[in-house]
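Structure first, commentary second.
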Amino acid sequence: MTGRSGGELAKRVAVAAVGIPIALGAGYLGGYWLAAFLAAFAAAAASELCQMYRGRGMPSAPRVAAVTAAAFVMLAAGVPSTDFVVWATVLTLSVATALTIGTRPEQQPGLIVVISVFAAAYTGGLLAFSLWLRGLGDAGPGWSGAAILFLPVAVTWLGDTAAYSVGRAIGRHKLAPVISPKKTWEGAIAGLLATAVGVVAYIELTRPLVPWTMVLWEAVAFGIAISVAGQLGDLFESRFKRDCGVKDSSNLLPGHGGALDRVDSLLFVFPVAYAYIMIVGI
């Protein structure tokens, strides 16, 4: 058991050692570099969700979902956020129509459209918010925009770690036993507190990079909103995995599961973070 655990840890560290510098570089560069990175992640995540339901015997179009998810992200990089809804609607209707017309009746076109288009919008459509979040800082390469983008990412990971650690140590009351039996209220509260404190600390540490205007209570409220969104996002994806009888969305990232497993919390976090900052300010 020890050897197996050690091997799993080594895989996780190796993937993180490669993935984190790439993510940091994409965040620093912004623009189409960041969009390309996120589009690849969205494509993989959308395909995984479709494959999960295929394994359950339900039809889907993983390749179409992957391409459409990537298109949502690239679209967000190319048009203003105010125009995104219009173009995203056109893209959604076009893909849905093409799938409906191109699928034979016995292949259940309705299910294929619902699962595939949802998978694309859920992954690519929600990841698009991270591009607009990054755009609140530097227009081009720079750490100001990257620091804003990585705020919700860093504190979400901090909250996840706190929730996992505390939940394992003292967790007794199940948070959502049907969806995710290992999650507890104790862990969720610890994650919320860690996220709130993490936001305050992150803002203080990155003041040389970002002209933050959030006062203490606004930063704490931001952390609470991020924590709730992240934990709901995690449960949201867990519901799909439970429905399909799988532990991970795929084995794409050794030791980490699939692409969808890595971004499930952030898919809810990015829209909430962007909306909060647009209302309150940075």
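Report, by residue number, each residue of segment 249-262 that is open to solvent by less than 60 Å² (accessible area, probe 1.4 Å) and in contact with a helix residue (DSSP H, G or I) (Cβ under 7 Å, 6 or more places away or on another chain). Even if it seems obvious, please write down each step before you answer.
To start, the set of residues in segment 249-262 that are open to solvent by less than 60 Å² (accessible area, probe 1.4 Å) comprises 249-250, 253, 255-261.
Ser249, Ser250, Leu253, Gly255, His256, Gly258, Ala259, Leu260, listed by residue number.
Right, Leu93: part of a helix (DSSP H, G or I), open to solvent by less than 50 Å² (accessible area, probe 1.4 Å) and not β-branched (Val, Ile, Thr) or not? For Leu93, the condition - part of a helix (DSSP H, G or I), open to solvent by less than 50 Å² (accessible area, probe 1.4 Å) and not β-branched (Val, Ile, Thr) - is not met. Checked against (1) more than 26 Å from Arg12 (Cα to Cα); (2) in a helix (DSSP H, G or I); (3) of a type in the set (A, V, I, L, M, F, W, C); (4) open to solvent by 10 Å² or more (accessible area, probe 1.4 Å), Leu209 meets all criteria but (2).
How many residues, within segment 263-282, are in contact with a Gly (Cβ under 6 Å, 6 or more places away or on another chain) and open to solvent by less than 50 Å² (accessible area, probe 1.4 Å)? Number of matching residues: 4. All of Gly137, Gly198 fail the test of being buried (at least 18 other Cβ atoms within 10 Å of the Cβ), over 20 Å from the mean Cα position of the chain (by Cα), farther than 15 Å from Ala229 by Cα and of a type outside the set (S, T, N, Q), apart from Gly137. Somewhere in segment 175-182, is a residue part of a helix (DSSP H, G or I), surrounded by fewer than 16 Cβ atoms within 10 Å (Cβ to Cβ), of a type in the set (D, E, K, R) and out of contact with any His (no Cβ under 6 Å at 6 or more places or on another chain)? No; the residues of segment 175-182 include none that is part of a helix (DSSP H, G or I), surrounded by fewer than 16 Cβ atoms within 10 Å (Cβ to Cβ), of a type in the set (D, E, K, R) and out of contact with any His (no Cβ under 6 Å at 6 or more places or on another chain).
Can we say Arg104 is under 27 Å from Val246 (Cα atoms), out of contact with any strand residue (DSSP E or B) (no Cβ under 7 Å at 6 or more places or on another chain), of a type in the set (D, E, K, R) and free of Cβ contacts under 8 Å to residues at least 60 places away in the same chain?
Values: under 27 Å from Val246 (Cα atoms): no; out of contact with any strand residue (DSSP E or B) (no Cβ under 7 Å at 6 or more places or on another chain): yes; of a type in the set (D, E, K, R): yes; free of Cβ contacts under 8 Å to residues at least 60 places away in the same chain: yes.
No; evaluated as a whole, the condition is false for this residue.
Within segment 216-233, can one find any residue that is modelled with pLDDT of 95 or more, of a type in the set (Val, Ile, Thr) and open to solvent by less than 30 Å² (accessible area, probe 1.4 Å)? Yes, there is a match, as at least one residue in segment 216-233 is modelled with pLDDT of 95 or more, of a type in the set (Val, Ile, Thr) and open to solvent by less than 30 Å² (accessible area, probe 1.4 Å).
Screening the candidates Leu127, Leu111, Leu99 for the property of being open to solvent by less than 30 Å² (accessible area, probe 1.4 Å), more than 16 Å from Phe270 (Cα to Cα) and aliphatic (A, V, I, L, M) yields one hit, Leu99.
Here is a check on your reading of the model: is Leu158 open to solvent by 20 Å² or more (accessible area, probe 1.4 Å), at pLDDT 95 or above, under 18 Å from Asp264 (Cβ atoms) and not β-branched (Val, Ile, Thr)? Spelling it out, Leu158 is indeed open to solvent by 20 Å² or more (accessible area, probe 1.4 Å), at pLDDT 95 or above, under 18 Å from Asp264 (Cβ atoms) and not β-branched (Val, Ile, Thr). One residue stands out among those in segment 20-79 that are polar (S, T, N, Q) and over 17 Å from the mean Cα position of the chain (by Cα): the one that is nearest to Asp261 (Cα to Cα), which is Gln51. Taking the condition assigned to a loop (DSSP other than H, G, I, E, B) and either within 17 Å of Val200 (Cβ to Cβ) or of a type in the set (Gly, Ala, Ser) (or both), does Gly167 pass? It is false that Gly167 is assigned to a loop (DSSP other than H, G, I, E, B) and either within 17 Å of Val200 (Cβ to Cβ) or of a type in the set (Gly, Ala, Ser) (or both). Filtering segment 62-90 to residues that are open to solvent by 50 Å² or more (accessible area, probe 1.4 Å) and not in a helix (DSSP H, G or I) leaves only Pro80. Sub-8 Å Cβ pairs linking a first residue in segment 17-31 that is surrounded by 14 or more Cβ atoms within 10 Å (Cβ to Cβ) to a second residue that is aromatic (Phe, Trp, Tyr), at least 6 apart or interchain, are Ala23/Phe37; Gly25/Trp33; Ala26/Trp33; Ala26/Phe37; Gly27/Phe150; Tyr28/Trp143, ordered by first then second residue. If Glu186 satisfies all but one of (1) part of a helix (DSSP H, G or I); (2) open to solvent by 30 Å² or more (accessible area, probe 1.4 Å); (3) out of contact with any His (no Cβ under 8 Å at 6 or more places or on another chain), what's the number of the condition it fails? The failed condition is (3).
Checked against the criterion of being in contact with a strand residue (DSSP E or B) (Cβ under 8 Å, 6 or more places away or on another chain), among the small types (Gly, Ala, Ser) and assigned to a helix (DSSP H, G or I), segment 230-243 has at least one qualifying residue. From the residues in segment 250-282 that are of a type in the set (Ser, Thr, Tyr) and at pLDDT 95 or above, which one is farthest from the chain's Cα centre (by Cα)? Ranking the candidates gives Tyr276 first.
The values are calculated or read from the model by the stated rules, or taken from the named source; none is laboratory data. In this text, all values refer to a predicted model and were calculated from it rather than measured experimentally. Glycine gets a Cβ as well: all are built from the backbone with ideal geometry, and neighbour counts include every protein chain shown. Just so you know, the surface numbers come from the protein's heavy atoms only, side chains and all, with ligands and any DNA or RNA stripped out. Shrake-Rupley method; radii C 1.70, N 1.55, O 1.52, S 1.80 Å.
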